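The block underneath contains the structure these notes are about, expressed in structure tokens.
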Amino acid sequence: MPKDVLVFVECREGQVKRPSLETLSEGRRVADAFGSHLCAFVAGQAGLRPAAEALTAQGPDTILLAEDPLLAHYNPEAYATVLADAVRSRQAGTVLLPATALGRDLGPRAAARLDAGLASDCTAVGVTDGELRVRRPVYSGKAIATVRFRGSPVFVTLRPNVFPLGTSGGKPPKIETFPVSLDPAKIRARVLRIEGTEGAEQDVSEASIVVSGGRAMKGPENFALIKALARALGGAMGASRAAVDAGWIDHQYQVGQTGKVVSPNLYIACGISGAIQHLAGMSTSKVIVAINKDADAPIFKLADYGIVGDLYEILPKLTEEVRKLKGQ
Amino acid sequence: MKIAVCVKQVPDTETKIRIAADSRSIDESGVAFIVSPYDEYAVEEALRIREKEGGEIVAYSVGDERTATALRTVLAMGVDRAVHLKDRAFEGSDALGLSRILAAALAPESFNLILFGKQAVGTDRGQVGPRVAELLDLPHVSVVTRVNLEEGRLTAEREIEGAREIVATPLPAVLTAQKGLNEPRYASLKGILAAKKKEIRVVTAADLSLDPAKVGIGGAATVWEKLELPPARTSGKILKDMAPAAAAAELVRLLREEAKVI
């Protein structure tokens, strides 16, 4: 029997977020291609079982629960220890993680512990002739690399919002407890607190709809127009580097080469000309809409839909239309 | 305070990417090379810590001959000395190999703090910082936007989805820098002149007693089999010369009925 596919499932405050479900669902496809067993690995403090039950639809054969007070908050050393232990004890050949803040931090540390290779932020995973191959955007999406691996195990992190969810009605998974023995002295970097979670907006990297503003926003106050449309659509607000560097909006909203790379279902670029810097961060979006005064702006060359016109006139109308549609 | 900063030379972020004849790398002709932007935040943070705490900053970089110019750039910003990890055996290293090389070079030096950029622009892997921390058995905090150092204890803020984690760690530790951490300084003329006299020590695989089979292309666990340009997107329906209200209504209809995304 080929080696297990093991998927790390991120659980924050008892909740499994969508990128982990997407990763598990892709894990099912990879395990089927290998003809191997799919194991979901969940770590946290005691009481993970309800979270584990939410994984059933993605089709894992086994769910391993690692429960320990020292795993209550994410911490790279403790999590890398339990993940590496699980990979060893299952003799997993392929380890998948979501390319979230947590997955990007944990993946390399756990891979280093096992002397294993890792391909980051992949957008496609396939098995040909019994060998795993992945595709990943490099040079901020200006090129796509096809990567193969040497040695075992191999680690892969998957870009959120790219892989579809499963709808498996297969047999219910086996839920097992994974024994944890952590030495508190070996956990040195510790999270003291998490700020900004209360009533927080959706993060631009997680949203399935993103509305971004650029240089034509002219100042911080006009981002209210972007926010209103994003809210009406149930999406997140983003910005170009020009708007961030001008100090109109915080860097956490920046989409582009030195900001976040996003791939939502719908990306609406408002007053963004389409500098290579920006395109690098959003060109894998499924549908791109551009709103710009300048009919020759480069952004129109890759937009699926566009409006040439004044965003100060168009955005309020657009928000109104969306609200009407959604009965808000 | 003894601080190491690991930097990488990368193609300028404005570069138009062309694929080389081997179909697995980029065509480097006419490409300008720079210090990876996230590494500059790491260098700047090191300089600020030295201004407060005193001490020494050493820059490390793995790369061919050309990489010396990246090291000169950070020496001109104010780094004290540099180590150029240069060996034919290092060529084609992936994150696994690079972290082995850097960990071998850093291990004997007992640094209090080792800084990286959160990722090198280009390969966009974001792995080497946490991997080096693991190999050196040090704690790490990645993607930091704020660092506060008091009495040998470090607090850092890191970005997570929609929130910030406040992390405390004892030293020695590894940090990786994110945009927003600081505003990197430009090298002064005095700095540029001083950099010419600073030491860049060349270190090879043999100097580090590294097994050449564990680094470079031969030691890589991930190999780029093919590199291609992304599929070109073509321009779609652009609404022109319409009244704002009509254009907005038509766009919403298209997104609803044709694209089916809202």
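Each value in this text was obtained by applying a stated rule to the coordinates, not by laboratory testing. Since the structure is predicted, the reported quantities are computational estimates derived from the model, not experimental observations. Every residue, glycine among them, receives a Cβ derived from its backbone with ideal geometry; neighbour counts consider all protein chains shown.
Relative contact order of chain B, taken over Cα pairs closer than 8 Å and 6 or more residues apart, is 24 percent.
Within the straight-line cut-off of under 20 Å between alpha carbons, the lysines reachable from B:Lys190 are B:Lys198, sequence neighbours fewer than 8 places apart in one chain being disregarded. Remark: mean inter-chain Cβ contacts per residue of B:214-226 equal 5, using a 10 Å Cβ-Cβ cutoff to other protein chain atoms.
Taking every alpha-carbon pair under 8 Å whose residues sit at least 6 apart, the range A:202-302 reaches a relative contact order of 28 percent.
Above 30 Å lies some portion of the pair distances; for the range A:5-186, what is it as a whole percent of all C-alpha pairs?
In whole percent, the share of Cα-Cα pairs in the range A:5-186 beyond 30 Å is 11.
Over all directions, the projected convex hull of the C-alpha atoms in the range A:116-249 averages 14.5 nm² in area. Show log10 I(q)/I(0) for the range B:1-91 at q = 0.21, 0.23 Å⁻¹, two decimals, from a solvent-free Debye sum over equal Cα scatterers. Evaluating at q = 0.21, 0.23 Å⁻¹ gives log10 I(q)/I(0) of -1.00, -1.12.
Remind me, what semi-axes does the protein assembly as shown give for its equivalent ellipsoid, largest first in whole Å, using sqrt of 5 times each Cα gyration tensor eigenvalue?
Each semi-axis is the square root of five times an eigenvalue, giving 37, 31, 23 Å.
Three principal axis extents describe the C-alpha atoms of chain A; from largest down they are 60, 45, 38 Å.
The long axis of helix B:37-53 is offset from the longest Cα principal axis of chain B by roughly 40 degrees. Straight-line reach from A:Lys174: which lysines fall under 20 Å, measuring Cα to Cα and dropping same-chain residues less than 8 apart? The reachable lysines, counting only those whose Cα sits under 20 Å from A:Lys174, are A:Lys3. Once Rg and the Kirkwood radius are both taken over the C-alpha atoms of the range A:209-326, their ratio Rg/Rh works out to 0.92. Estimated from helices alone, the mean residue ellipticity of the protein assembly as shown at 222 nm is -8000 deg cm²/dmol (sum of -39500 (n - 2.57) over DSSP H runs with n ≥ 4, per residue).
Averaged over the residues of peptide B:135-142, the number of Cβ atoms from other protein chains lying within 10 Å of each residue's Cβ is 5. Taking every Cα-Cα distance in the range A:34-96 and sorting them into 10 Å bins starting at zero, the pair-distance distribution P(r) comes out as 19, 52, 27, 2 percent.
Mind running the shape call on the range A:264-328? Use the C-alpha gyration tensor, a ≥ b ≥ c as the square roots of the eigenvalues: rounded below 1.5 for a/c, prolate if a/b tops b/c, oblate otherwise. Because a/c hits 1.5 or more and a/b fails to exceed b/c, the range A:264-328 counts as oblate. Here the range B:2-219 is described by how far its Cα atoms reach on the three principal axes: 52, 40, 39 Å, from widest to narrowest.
The phi torsions of the range B:81-95, fed into the Karplus equation with coefficients 6.51, -1.76 and 1.60 and a -60° offset, translate into couplings of 8, 9, 10, 9, 8, 10, 6, 4, 5, 7, 5, x, 4, 8, 4 Hz, rounded to whole numbers, with Gly and Pro shown as x.
Ranked from highest to lowest mean number of other Cβ atoms within 10 Å per residue, what is the order of the peptides A:41-52, B:84-95? Walk me through the numbers on the way to the answer.
Values: A:41-52: 18.3, B:84-95: 20.8.
The densest-packed peptide leads the list: B:84-95, A:41-52.
Mean separation of Cα pairs under 8 Å and 6 or more residues apart, divided by the residue count, gives the range A:5-186 a relative contact order of 29 percent.
Here's the list of aspartates and glutamates a cross-link from A:Lys293 could span, going by alpha-carbon distance under 16 Å and ignoring same-chain residues fewer than 8 apart: A:Asp310, A:Glu313, B:Asp241. Computed on the Cα trace of the range A:1-68, the radius of gyration divided by the Kirkwood hydrodynamic radius gives Rg/Rh = 0.97.
In terms of the Cα gyration tensor, with a ≥ b ≥ c the square roots of its eigenvalues, is the range B:210-262 rounded because a/c is under 1.5, prolate because a/b exceeds b/c, or oblate? Prolate, because a/c is 1.5 or more and a/b exceeds b/c. Summing +1 for each Lys or Arg and -1 for each Asp or Glu among the other residues whose beta-carbon sits under 14 angstrom from that of B:Glu65 gives 0.
Based on the Kirkwood radius over alpha-carbon pairs, what value in µm²/s does the Stokes-Einstein equation return for the translational diffusion coefficient of the range B:162-250 at 4 °C and 1.567 mPa s? Translational D for this selection: 59 µm²/s.
Summing +1 for each Lys or Arg and -1 for each Asp or Glu among the other residues whose beta-carbon sits under 9 angstrom from that of A:Pro137 gives +2. Of the peptides A:313-324, B:1-12, B:33-44, the order by per-residue mean of other Cβ atoms within 10 Å, starting with the highest, comes out as B:33-44, B:1-12, A:313-324.
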